[in-house]
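Scroll down for the structure; my scribbles are underneath it.
No value in this document is a laboratory result; all are computed from the given coordinates. Source: prediction; values computed, not measured. All Cβ positions, glycine included, derive from the backbone under ideal geometry; neighbour counts span all protein chains shown.
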Amino acid sequence: MDENNNMNYECEPMGEPSYTPHHQEQPEKPKKSGGHTAKIVALVAVVALLGSIGGSVLTTAIAGLRHEDTQAEEPVPTVQEEPAFERVVHELPDKLTTNNTGKTLTPSQVYDLTVNSVVGIKTETTTNVFGQEAVASAAGSGFILSEDGYIITNCHVISGADTIEVTLFNGDAFPAELVGSDSSYDIAVLKIEAKGLPAVSVGDSNTLKVGEEVIAIGNPLGELTFTMTNGIISALDREINTDGNPQNMLQTNAAINSGNSGGPLFDMDGNVIGVTTAKYSGSTSSGTTIEGLGFAIPINDALKVAYDLVEYGYVKGQAYLGITVRTLDSQTASYYGLPIGPRVESVNPGSCAEKAGIRAGDIIIRFDGVDVENNPALLSELKKAQAGDTVNITLFRAGAEVEVTVVLDEKPSQDELEAAVQQEQQQQQEEYYYQYPFGFGN
């Protein structure tokens, strides 16, 4: 993404969607319903949504996804508030169905086949402002992964929620439990207590080609429920930076708007091939309007995350350095005669970074031979690695370059990260009060 252009991502919170009960019987296959997106300010983008389902002709084995290595995580453990739900371990099916029609369905047939498997997601968050309780509502989308109520959506749709409600295409509403979420992949898994739901059929995002037609079904603006938009796969393997978090995504020109986040993107077999998550909006510095740039998380990536969240409560295999960093901007670097790059602010005790000799104050300039000029660039390279990999990191320290060899750790679970941060904050507070028992300066 060109930092000189004013392209941005927005996740816009929507009010409660108006659902129009409408049930369509499908020949031999489950169907989907659509939802809309939660709103998050900053670089995270508005997402379109899709629902997919279909008659199963082929069967796709998923068991291997549980133990496949997954991508790595950011070097800075950013703690985000988790919704107030207990994590409960469930089992997802070892196999998911796949449709195979030669991708010959019409948009109308894909819609009929899949719309019952898309869901609307409504969240509420209660805050206390100056002693006054305020309730904020937001909405998003998701899709049904299993007949017993597992649902995939975006992490940003449910982030910080106190309550989550899922509404089906036929108008039935259920309270939802958060099974797990990962902000670095922007994937969350929900569970509702229901049986016999119309689960989606799943395609293979690794076989997609630029130019293939795709369908999105969602609730733009949180009001225009179960709207279908169509387009093509515009590009593959786009590295999109959302809120400082680089992610590999599919690019599509299917219309994606507020109220669509977390829903599925379908191919013309009626298979889910992506989770619609973001779009570029606004204009460039030259005033050029940005249109038709939507993005979706490849379903193969999303499923790896979802299965790990269900089985372990976190994504296994993510590489982790155990440091916090802050980008040294060009102006500051120039003033002090330093290179541009992520500056190490702290090193976690016992981490692979500490074992390799990385110190606070070091500036990371290369990660395994690749130049890194900022935090997102470092995170991008870290995500390409796996826990247990051995990498060479080039540092700038005391006027000279220093190279260290690091055997990457596995990122801890979100609960472990939060506990570590809380312990550190408590320790800092205790040290402060020990130094200033009666207040600062007394």
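Could you tell me how far the Cα centroid of segment 91-139 sits from the Cα centroid of segment 153-210, in Å?
Between the Cα centres of segment 153-210 and segment 91-139 lies a distance of 5 Å.
With each pseudo-label sitting 7 Å past Cα toward Cβ, what's the Asp94-Thr106 distance in nm, one decimal?
Each label point is offset 7 Å from its Cα along the Cβ direction, giving 4.1 nm.
With the contact rule set at Cα under 8 Å and sequence spacing of 6 or more, what percent relative contact order holds for segment 169-261?
Values: 131 pairs, mean separation 19.4, N = 93.
Computed over segment 169-261, the figure is 21 percent.
As a quick test, which of the pairs Lys95/Lys384; Lys191/Lys383; Lys103/Lys316; Lys355/Lys383 have an alpha carbon distance above 25 angstrom in this structure? Let's see the in-between values first.
Values: Lys95/Lys384 27 Å; Lys191/Lys383 28 Å; Lys103/Lys316 34 Å; Lys355/Lys383 21 Å.
Where the Cα-Cα span goes over 25 Å, the pairs concerned are Lys95/Lys384; Lys191/Lys383; Lys103/Lys316.
Rounded to the nearest 20 debye, what is the charge dipole size of segment 199-306 about its Cα centre when +1 sits on each Lys and Arg Cβ and -1 on each Asp and Glu Cβ? All intermediate terms of the calculation are to be shown ahead of the outcome.
Values: 4 positive and 11 negative charges, 27 e Å.
Here segment 199-306 has a charge dipole of around 140 debye.
Assign one of three labels to segment 240-394, namely rounded, prolate or oblate, based on the Cα gyration tensor with a ≥ b ≥ c the square roots of its eigenvalues; rounded applies when a/c is under 1.5, prolate when it is not and a/b is larger than b/c, and oblate otherwise. Walk me through the intermediate numbers first.
Working: a/c = 2.96, a/b = 1.41, b/c = 2.10.
Judged from the Cα gyration tensor, segment 240-394 comes out oblate (a/c at least 1.5, b/c at or above a/b).
Does segment 338-398 come out rounded, prolate or oblate by the C-alpha gyration tensor, with a ≥ b ≥ c the root eigenvalues, rounded set by a/c under 1.5 and, if not, prolate when a/b is larger than b/c and oblate if not?
Oblate, since a/c reaches 1.5 and b/c is not below a/b.
Just want to confirm a number: the relative contact order over segment 334-423, from Cα pairs under 8 angstrom separated by 6+ residues, in percent. Walk me through the numbers before you get to the answer.
Values: 131 pairs, mean separation 23.4, N = 90.
Result for segment 334-423 is 26 percent.
If a paramagnetic tag sat 7 Å from the Cα of Glu239 along the Cα-Cβ line, which residues of segment 340-380 would have the backbone N under 19 Å from that point?
Output list for this probe position: 340-343, 364-380.
Could I have the simple spin-label model distance between Ala136 and Ser334, label points 7 Å from Cα toward Cβ, reported in nm to one decimal?
Taking the simple label geometry, Ala136 and Ser334 are separated by 3.7 nm.
Based on the alpha-carbon gyration tensor of segment 323-429 and its eigenvalue square roots a ≥ b ≥ c, which shape applies: rounded if a/c is under 1.5, prolate if not and a/b is larger than b/c, or oblate? Display every interim value, and only then the final one.
Values: a/c = 1.83, a/b = 1.31, b/c = 1.40.
Because a/c hits 1.5 or more and a/b fails to exceed b/c, segment 323-429 counts as oblate.
Between Ser286 and Gln386, how many nm apart are label points set 7 Å from Cα along the C-beta direction?
Label at Ser286, label at Gln386, 4.3 nm between them.
Can you compute the FRET efficiency between Thr163 and Glu401 using 1/(1 + (r/R0)^6), with r the Cβ-Cβ distance and R0 = 60 Å? Round to the nearest 0.05.
Working: r = 52 Å, r/R0 = 0.87.
Efficiency, rounded to the nearest 0.05: 0.70.
Could you grab the relative contact order for segment 185-337? Cα pairs under 8 Å, six or more apart, rounded to a whole percent.
Details: 259 pairs, mean separation 32.6, N = 153.
Averaging sequence separation for qualifying contacts and normalising by length gives 21 percent for segment 185-337.
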